[in-house]
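The values are calculated or read from the model by the stated rules, or taken from the named source; none is laboratory data. In this text, all values refer to a predicted model and were calculated from it rather than measured experimentally. Positions of Cβ are backbone-derived with ideal geometry, glycine not excepted, and every protein chain shown enters the neighbour counts. Heads up: the accessible areas ignore ligands, DNA and RNA and are worked out on the full protein's heavy atoms, side chains in. Shrake-Rupley method; radii C 1.70, N 1.55, O 1.52, S 1.80 Å.
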Amino acid sequence: MSFTFSNENLLKIEALKKRYPSPKALTLPCLWMVEYQEGYISMDAIEEIAIHTDTPPMEVYRVATFYTMFHLEPQDKRTVQVCKTLSCKLCGSDEILAHLNKKDLNIVHAECLGSCGTAPVMQIDDVNYENLTIENVDEILKALK
Ligand code: FES
């Protein structure tokens, strides 16, 4: 299997190259482009990113594996990241997690999602959902189907 960036993403890469000090700085934007284009980041995509960023493939791989939001395998279930850091934990993330674990979802325990003042928080497809309760979690999931 091979990977190629879409024409739209190739144009974005060329535009971004003018804004960043070095091609290597494009690693994260390229990983996001692949994640949105394919739904996961294959080894072929990592090699393609390495070419565009003039970075060794292993270095791109290390970046991809460092961040929990990147998927390295095709996903058969919706991924829900649930914050388990202090503010969310104090505001009930354990109950939210227990509730979500009963559902057919890929649950990821995330560190702070940057919205501590509206804890507890979960993130689905790059969108934060805040002030969670058992009831509104069910409403959110139902609206996403
Ligand atoms: S502690 Fe959960 S968003 Fe910051």
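Rounded to the nearest 10 degrees, the inclination of helix 57-66 to the longest alpha-carbon principal axis of the chain is 10 degrees.
Taking every DSSP beta bridge that has both ends in segment 79-144, the antiparallel portion is near 55%. Note on the chain: Lys pairs 8 or more places apart or on different chains, Cα atoms under 26 Å apart, count 17. Taking amide H atoms as placed 1.01 Å from N in the peptide plane, the amide H of Arg78 lies under 5 Å from those of Asn106, each 5 or more residues away in sequence or on another chain. Principal-axis analysis of the Cα atoms of the chain puts helix 134-144 at an angle of about 40° to the longest axis. Tell me, how many Å apart are the Cα centres for segment 78-135 and for segment 1-76? Taking the Cα centre of each part, segment 78-135 and segment 1-76 sit 27 Å apart. Overall, the accessible surface of the chain at a probe of 1.4 angstrom is composed of carbon and sulfur to the extent of 54 percent. Hey, for a label at Tyr20 modelled as a point 7 Å past Cα toward Cβ, could you say which residues of segment 31-57 have their backbone N under 14 Å away? In segment 31-57, the label zone of Tyr20 (backbone N under 14 Å from the point 7 Å along Cα→Cβ) covers 31-35, 46-57. Annotation: amide H-H contacts under 5 Å for Ala110 (H modelled 1.01 Å from N, sequence separation of 5 or more, or interchain): Val82, Cys83, Lys84. Across segment 23-28, computed HN-Hα scalar couplings (Karplus, 6.51 cos²θ - 1.76 cosθ + 1.60, θ = phi - 60°) run x, 4, 5, 7, 4, 5 Hz from first to last residue, x flagging Gly and Pro.
Shape class of segment 7-66 from the Cα gyration tensor (axes a ≥ b ≥ c, square roots of the eigenvalues): oblate, since a/c reaches 1.5 or more and a/b does not exceed b/c. Among Gly117, Asn106, His52, pick out the residue whose Cα is farthest towards the positive end of the charge dipole of segment 18-127, where Lys and Arg carry +1 and Asp and Glu carry -1 on C-beta, about the Cα centre. My answer, from the dipole projection, is Gly117. Relative to the longest principal axis of the chain, what angle (0 to 90°, nearest 10) does the C-alpha long axis of helix 43-53 take? Between helix and principal axis, roughly 60 degrees. Remark on the chain: Cys30, Cys91, Cys112, Cys116 stand apart, with no other cysteine beta carbon under 4.7 Å.
Over segment 79-144, the Kirkwood radius and the radius of gyration, each from Cα atoms, give a ratio Rg/Rh of 0.91. The share of alpha-carbon pairs in the chain lying farther apart than 18 Å comes to 60%. For Tyr20, nonlocal amide neighbours, meaning residues 5 or more places apart or on other chains whose placed amide H falls under 5 Å from its own, do not occur. Accessible area per residue for the chain is 60 Å², calculated with a 1.4 Å probe on protein heavy atoms, without ligands, DNA or RNA.
Comparing mean-square fluctuations of Ala50, Ala110, Ala15 from a GNM of the chain with C-alpha springs under 10 Å, the top value falls on Ala15.
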